[in-house]
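See below for the structure under consideration.
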Amino acid sequence: MDEQTLYNRIAGLRAAKGLSQQQLADAIGVSRKTISTVETSRFTPSVVIALQLARYFQVPVEQIFSFEPF
């Protein structure tokens, strides 16, 4: 399978809640750098991190991540 870009809406979801990257990182137990690199698609999150984000924002994973641009 070819490598695909994984798009995400994390920055927009953070902004809607008025959160910094550090605040989100603290809330789900990862580093600020992890949030930054996932937001910019430089790092593909583990399933665990994706599910933690979905739980935090109370949306399905598919509303955060997609192979198609949002």
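The values are calculated or read from the model by the stated rules, or taken from the named source; none is laboratory data. On a predicted model such as this, the values are computed, not experimentally measured, just so you know. No Cβ is skipped: glycine too gets one built from the backbone with ideal geometry, and neighbour counts run over all protein chains shown.
Tell me which residues, restricted to region 41-53, are more than 19 Å from Thr5 (Cβ to Cβ) and either in contact with a helix residue (DSSP H, G or I) (Cβ under 8 Å, 6 or more places away or on another chain) or part of a loop (DSSP other than H, G, I, E, B) (or both).
Step one: list which residues in region 41-53 are more than 19 Å from Thr5 (Cβ to Cβ), which gives 48, 51-52.
Once the filter is applied, which keeps residues that are more than 19 Å from Thr5 (Cβ to Cβ) and either in contact with a helix residue (DSSP H, G or I) (Cβ under 8 Å, 6 or more places away or on another chain) or part of a loop (DSSP other than H, G, I, E, B) (or both), region 41-53 yields Leu51, Gln52.
If I filter region 2-11 down to residues being over 17 Å from Val47 (Cβ atoms) and more than 10 Å from the chain's Cα centre (by Cα), which single residue comes out as surrounded by the fewest Cβ atoms within 10 Å (Cβ to Cβ)?
Asp2
Residues of region 1-54 being modelled with pLDDT under 95, closer than 14 Å to Ser66 by Cα and among the charged types (D, E, K, R), which ones?
Glu3
Is one or more of the residues making up region 54-63 out of contact with any His (no Cβ under 9 Å at 6 or more places or on another chain), in a loop (DSSP other than H, G, I, E, B), touching a residue at least 24 places away in the same chain (Cβ under 8 Å) and surrounded by 15 or more Cβ atoms within 10 Å (Cβ to Cβ)?
no
For Val38, indicate whether it is closer than 16 Å to Leu13 by Cβ, assigned to a loop (DSSP other than H, G, I, E, B) and touching a residue at least 12 places away in the same chain (Cβ under 8 Å).
No: the conditions fail for Val38.
I need the full set of residues from region 7-24 which are assigned to a helix (DSSP H, G or I) and touching a Ser or Thr at 6+ places or on another chain (Cβ under 6 Å), in order please.
Step one: filter region 7-24 for residues assigned to a helix (DSSP H, G or I), giving 10-17, 21-24.
Hit for region 7-24 is Gln21, nothing else.
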